[in-house]
1. With θ set to phi - 60°, apply the Karplus curve 6.51 cos²θ - 1.76 cosθ + 1.60 along segment 106-116 and write out the HN-Hα couplings as whole Hz, x wherever there is a Gly or Pro.
2. Could you tally the net charge around Phe50, taking each other residue with its Cβ under 11 Å from the Cβ of Phe50, Lys/Arg +1 and Asp/Glu -1?
3. Between Ile55 and Leu26, what is the label-to-label distance in nm when each label sits 7 Å out along the Cα-to-Cβ direction?
4. Please compute one quarter of the surface area of the Cα convex hull for segment 85-124 and express it in square nanometres.
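FYI, it's all coordinate maths here, none of it is from the lab. All values derive from a computational prediction rather than experimental measurement. Cβ: placed from backbone, ideal geometry, glycine included. Neighbour counts: every protein chain shown.
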Amino acid sequence: FERIVAWNPHPDMLPKLGAVAEELGLPFEAVSAKELGAQADVIITITSAFEPLLIKDWIKPGTHIACMGTDTKGKQEVDAALVAAATVFTDEIAQSISIGEAQHAIAAGDITEGDITPIGAVINGTHAGRTSEAEITLRFSGELSSTVRDKGGDIIEAESSPLKRTRDSWTFARRMGGDDPNWMLVATGG
């Protein structure tokens, strides 16, 4: 990245991000949410919002948005129209439509489950990923919990409380201004 532009519904948190940017030698600018959408190539949301913080009309073509804060029924970081306008990728489709960022677009009838692509399909080559420079892409990432039960409902793997929790981190990059509009997987981690 060449610079960092940031917005936060709690502006008192921005100096901490500014300090990190300074340590990395990157220019930093605090902007409005609308300015963020107009300037940023990549937007990462990590909030506990219950109303959209980013609106479709604010987002410039070609932006990638990584939504990481929506993990509870009712939470919402981006408006349903933005989800409907984007190419959507996720770790777990069932989670995205029930407690994730897609829940509102699904409820409004703006998208269906079939409009969401598992990120693994891009990695294993069964989905092309980004197909144009102007395409807006969204990736929903959330905490995955699992409990395996037998036919009788008894837990055979994990505990009922607390649940076994797993987080994966996937880092993508792409050459801005190049001929290839796709993001490449450059690192994974837990």
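1. Whole-Hz 3J(HN,Hα) from phi for segment 106-116: 5, 4, 7, x, 6, 9, 10, 3, x, 7, 9.
2. Value of the local net charge: 0.
3. A separation of 2.7 nm, rounded to one decimal place.
4. 2.6 nm²
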